[in-house]
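Asker: Can you keep this structure in mind? I'll have questions shortly.
Please treat every number below as a calculation from the coordinates, not as lab data. Computed from a prediction, not measured in an experiment: that's the story for all the values here. All Cβ positions, glycine included, derive from the backbone under ideal geometry; neighbour counts span all protein chains shown.
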Amino acid sequence: MAVTMLDAGLRVGELVQLTQGHLWMAGEPVHTLRVTADIAKNHRERTIPLTQRCQVAFRCLYEHVWTIHRDVPGFYAFYRFNPRGHLVYQQVERILKYAGIRAIGRPVNPHLLRHTFATRVLEQTNLRVVQELLGHSSIQTTQIYTHPNEDDKFRAIEALNSQGLTKK
């Protein structure tokens, strides 16, 4: 769950609605996640290219978690006991909190992962692309999610220097 949120920028409501079919197709993990209109918060479909790390995580889910309940249409990707019922927000929040404490020594929440995704993607591209990946209808909403730091500012100026765009 954490890898999917961190590398695809999903909202918790979208994450819990994912079925195994969203993540696994034709015997392989998908390369592009299709967030369908029925699970997207704003009911606008979007596609998100997936990292190799996500694909490895989906393969692990397929091989180790979905062993009994795999390849059945409509089964949720993230469930507690019954794959016909998905996790709820509070369960995801609790799982991520304790996983964060064990992994990095501090609690992690779903929104932190989405903000981190937005900031990391903005380091590689422009705000408009981040907006599309997050599924925001307004660029102003996307700006709230991105947090440029001092290193980002220095890299931006250094990029100008390396292109010879600054006056001497």
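Asker: Which trypsin sites (Lys or Arg not before Pro) in the stretch 43-77 sit in a loop by DSSP (not H, G, I, E or B) and have at most 13 other Cβ atoms within 10 Å of their own Cβ?
Answerer: Answer in residue order: 44.
Asker: Continuing with this model, one more query. What is the dipole size for the chain, taken about its Cα centre, with +1 at each Lys and Arg Cβ and -1 at each Asp and Glu Cβ, in debye to the nearest 20?
Answerer: About 280 debye.
Asker: If the chain between residue 154 and residue 103 were fully stretched, how many nm would it gain, using 0.36 nm times the residue separation less the Cα-Cα distance?
Answerer: That pair, residue 154 and residue 103, stretches by 15.3 nm at full extension.
Asker: Which peptide among 94-106, 74-86 comes first, and what is the full order, when sorted by highest mean count of other Cβ atoms within 10 Å?
Answerer: Put in order of decreasing packing, that is 74-86, 94-106.
Asker: Give the value in nm², to one decimal: projected area of the alpha carbon convex hull of the stretch 89-168, averaged over all directions.
Answerer: Value for the stretch 89-168: 7.3 nm².
Asker: Let me ask something else. What label, among (i) 33, 17, 16; (ii) 24, 21, 14; (iii) 22, 20, 16, belongs to semi-axes √(5λ) of the Cα gyration tensor in Å computed from the structure on display?
Answerer: (i)
Asker: Grab the Cα-Cα distance for residue 38 and residue 132, subtract it from 0.36 nm times how many residues apart they are, and report the gain in nm with one decimal.
Answerer: Answer, rounded to one decimal: 32.1 nm.
Asker: Along the positive direction of the dipole of the stretch 2-162 (beta-carbon charges: Lys, Arg +1; Asp, Glu -1; about the Cα centre), which of 13, 127, 27 reaches farthest?
Answerer: The one lying farthest along the dipole's positive direction is 13.
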